[in-house]
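Report on one structure; see the data block that follows.
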Amino acid sequence: QVQLVESGGGLVQPGGSLRLSCAASGIRFSIAAMDWYRQAPGKQRELVATITRYGNTNYADSVKGRFTISRDNARNTVYLQMNSLKPEDTAVYSCMTTWGSTNYWGQGTQVTVSS
């Protein structure tokens, strides 16, 4: 049974930082590509960052230079380091992986950027 569990969200002031974690189980994590998505109220879900099994990364233009995705295969965990946060980064952040042709999602973690 595939399970993704996010943590690390919270309330942060503009310009601040947060690190999100997504712990995976039920998959061979080391060969899985992992994605971080976000969805703000009233907006479509947005792909924020991707990391391949080889460690190659890709980012949405809106977060390039501020967010960093990384993975720790020993811990079956993918991270999203978010720096220089802006109010428009406020959203529910979720991790996702495709395994056996099925997309699996975590429950999401709320990130609120506000003074």
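The values are calculated or read from the model by the stated rules, or taken from the named source; none is laboratory data. Nothing here was measured: the structure is a model prediction, and the numbers come from that model. Positions of Cβ are backbone-derived with ideal geometry, glycine not excepted, and every protein chain shown enters the neighbour counts. Calculation scope for accessible area: heavy atoms of the full protein, side chains included, ligands and nucleic acids excluded. Shrake-Rupley method; radii C 1.70, N 1.55, O 1.52, S 1.80 Å.
When N83, N73, N103 are checked against the criterion of being touching a helix residue (DSSP H, G or I) at 6+ places or on another chain (Cβ under 9 Å), at pLDDT 95 or above and more than 16 Å from Q39 (Cα to Cα), N73 stands alone in meeting it.
Applying the selection to region 44-61, what residues are of a type outside the set (D, E, K, R), surrounded by fewer than 20 Cβ atoms within 10 Å (Cβ to Cβ) and touching a residue at least 12 places away in the same chain (Cβ under 8 Å)? L47, T50, T52, G55, T57, A60 - these are the residues of region 44-61 that are of a type outside the set (D, E, K, R), surrounded by fewer than 20 Cβ atoms within 10 Å (Cβ to Cβ) and touching a residue at least 12 places away in the same chain (Cβ under 8 Å). Looking at region 82-115, which of its residues are open to solvent by 30 Å² or more (accessible area, probe 1.4 Å) and either over 19 Å from R45 (Cα atoms) or touching a Gly at 6+ places or on another chain (Cβ under 7 Å) (or both)? Answer for region 82-115, where residues must be open to solvent by 30 Å² or more (accessible area, probe 1.4 Å) and either over 19 Å from R45 (Cα atoms) or touching a Gly at 6+ places or on another chain (Cβ under 7 Å) (or both): N83, S84, V92, W99, G100, S101, Q110, S114, S115.
Any residue in region 31-43 that is farther than 15 Å from T112 by Cα and open to solvent by less than 20 Å² (accessible area, probe 1.4 Å) sitting within a Cβ distance under 9 Å of a residue that is among the β-branched types (V, I, T) and outside any strand (DSSP E or B)? List the pairs, counting only those 6 or more apart or interchain. Pairs found: M34/T52.
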